[in-house]
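*Asks:* So that we are looking at the same thing, I have put the structure below in structure tokens.
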Amino acid sequence: MSDNPKKIVIVEDEPSLIFTLQDTLENEGYEVFIAEEGEQAIEIVKKENPDLMLLDLMLPGMSGYEVCKKVRNMTYTFPIIILTARDQEIDKVTGLNIGADDYMTKPFGVKELLARIQARLRRSETYSKAKPINDLELDPVTIDLKNAKAIHPEEENELTTREVELIRYLAAHANEPVSRDALLENVWRYEHSTNTRTVDVHISKLRSKIEEHPDDPRYLVTLHGVGYMLKIE
Ligand code: CA
């Protein structure tokens, strides 16, 4: 095993398949993380910043499609290989449209899966795909997303996990209008008792942390009747 094993997240709810995949991948020297449902997968991604994801589509709760979309909306670019029992063409198209890189239909051979994983990892290294955004320069403020801090020339503000997620989403759609509904869906995931007012309150709090003049924001602007936009020059 190398000093820096590649991290692979397996998102799968079938115990026997989890067992086989975990065993096979660990034998190959990969560091393996298991998520049996979508929310857990998202948490692992945020915590571990993995190198690759194996993603089942039929999961309890959040579907594999939603997991894929969320990971891409959070601006992570590691390869995602979809594993599914379905083999309909429409699923392949949908899967690849939402940002998956490859697709394997169950049952599949372990050797073929390993070959595809290696190919994807090589490719993502070769093209050195963009890493998730860790720093964002909102002059004179630097947003350190990894350590959840807004660094002003004279002070630092701690950011909450939600604020970091909010910034990541807005940064992934920088200079585009983002509706409150899009934020509710992608940042709050329609949690109970949230509404567009929740979004406004959080945006306002976030502004006070990242803007020099929160009442006259330079970066996180309101688009009346539309929503918000993170303006990055
Ligand atoms: Ca399943």
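The values are calculated or read from the model by the stated rules, or taken from the named source; none is laboratory data. From a predicted model like this one, the values you see are computed outputs, not experimental measurements. For neighbour counting, all protein chains shown are included, and Cβ atoms are generated from backbone atoms with ideal geometry for every residue, glycine included. Ligands, DNA and RNA are excluded from the accessible area calculation, which covers all protein heavy atoms including side chains. Shrake-Rupley method; radii C 1.70, N 1.55, O 1.52, S 1.80 Å.
*Asks:* Just to check your reading of the model, which residue among GLU176, GLU191, GLU185, GLU212 is farther than 19 Å from LEU136 by Cβ and assigned to a loop (DSSP other than H, G, I, E, B)?
*Replies:* Exactly one residue qualifies, and that residue is GLU191.
*Asks:* Separate question: Output yes when any residue across the stretch 195-202 is closer than 22 Å to ILE42 by Cβ, of a type in the set (D, E, K, R) and open to solvent by 20 Å² or more (accessible area, probe 1.4 Å), and no when none is.
*Replies:* No: zero hits.
*Asks:* Can you tell me which residue is farthest from the ligand (Cβ to nearest atom) among those in the stretch 61-82 that are assigned to a strand (DSSP E or B) and surrounded by 23 or more Cβ atoms within 10 Å (Cβ to Cβ)?
*Replies:* By that ranking, first place goes to ILE80.
*Asks:* Just to verify a result, which residue in the stretch 132-157, among those that are out of contact with any helix residue (DSSP H, G or I) (no Cβ under 8 Å at 6 or more places or on another chain) and touching a residue at least 24 places away in the same chain (Cβ under 8 Å), is nearest to LEU220 (Cα to Cα)?
*Replies:* First pass over the stretch 132-157, keeping only residues out of contact with any helix residue (DSSP H, G or I) (no Cβ under 8 Å at 6 or more places or on another chain): 134-135, 137, 139-140, 142, 144, 146-147, 149, 151-156.
Going one step further and asking which of them are touching a residue at least 24 places away in the same chain (Cβ under 8 Å), we end up with 140, 152.
Working: PRO140: 14, HIS152: 16 Å.
My answer is PRO140.
*Asks:* Oh, and also: Inside the stretch 159-207, can you point out the residues that are free of Cβ contacts under 8 Å to residues at least 12 places away in the same chain and over 20 Å from the mean Cα position of the chain (by Cα)?
*Replies:* Once the filter is applied, which keeps residues that are free of Cβ contacts under 8 Å to residues at least 12 places away in the same chain and over 20 Å from the mean Cα position of the chain (by Cα), the stretch 159-207 yields HIS192, SER193, THR194, ASN195, ARG197, VAL201, SER204.
*Asks:* Can I ask one more? For the stretch 29-60, how many residues are within 11 Å of the ligand (Cβ to nearest atom) and assigned to a loop (DSSP other than H, G, I, E, B)? Walk me through it before giving the result.
*Replies:* At the first step, the residues of the stretch 29-60 found to be within 11 Å of the ligand (Cβ to nearest atom) are 36-37, 55-60.
Okay, now just the ones that are also assigned to a loop (DSSP other than H, G, I, E, B), so 36-37, 57-60.
Count: 6.
*Asks:* So in the stretch 1-23, with the set limited to residues that are in a helix (DSSP H, G or I) and either of a type in the set (A, V, I, L, M, F, W, C) or buried (at least 16 other Cβ atoms within 10 Å of the Cβ) (or both), which one is nearest to the ligand (Cβ to nearest atom)?
*Replies:* Step one: filter the stretch 1-23 for residues in a helix (DSSP H, G or I), giving 15-23.
Checking which are either of a type in the set (A, V, I, L, M, F, W, C) or buried (at least 16 other Cβ atoms within 10 Å of the Cβ) (or both) leaves us with 17-19, 21-22.
Details: LEU17: 8, ILE18: 10, PHE19: 14, LEU21: 12, GLN22: 15 Å.
Going through the qualifying residues, I end up with LEU17.
*Asks:* I'd like to know if the stretch 126-133 contains one or more residues that are surrounded by 12 or more Cβ atoms within 10 Å (Cβ to Cβ) and farther than 30 Å from THR24 by Cβ.
*Replies:* Looking for residues that are surrounded by 12 or more Cβ atoms within 10 Å (Cβ to Cβ) and farther than 30 Å from THR24 by Cβ, one finds at least one in the stretch 126-133, hence yes.
*Asks:* Is it the case, given these coordinates, that ILE151 is surrounded by 14 or more Cβ atoms within 10 Å (Cβ to Cβ) and in contact with an Asp or Glu (Cβ under 7 Å, 6 or more places away or on another chain)?
*Replies:* Yes.
*Asks:* Would a scan of the stretch 135-154 turn up a residue that is in a helix (DSSP H, G or I) and touching a Pro at 6+ places or on another chain (Cβ under 6 Å)?
*Replies:* Within the stretch 135-154, not a single residue is in a helix (DSSP H, G or I) and touching a Pro at 6+ places or on another chain (Cβ under 6 Å).
*Asks:* Determine, yes or no, whether GLU185 is of a type outside the set (Val, Ile, Thr), closer than 21 Å to MET62 by Cβ and at pLDDT below 95.
*Replies:* Spelling it out, GLU185 is indeed of a type outside the set (Val, Ile, Thr), closer than 21 Å to MET62 by Cβ and at pLDDT below 95.
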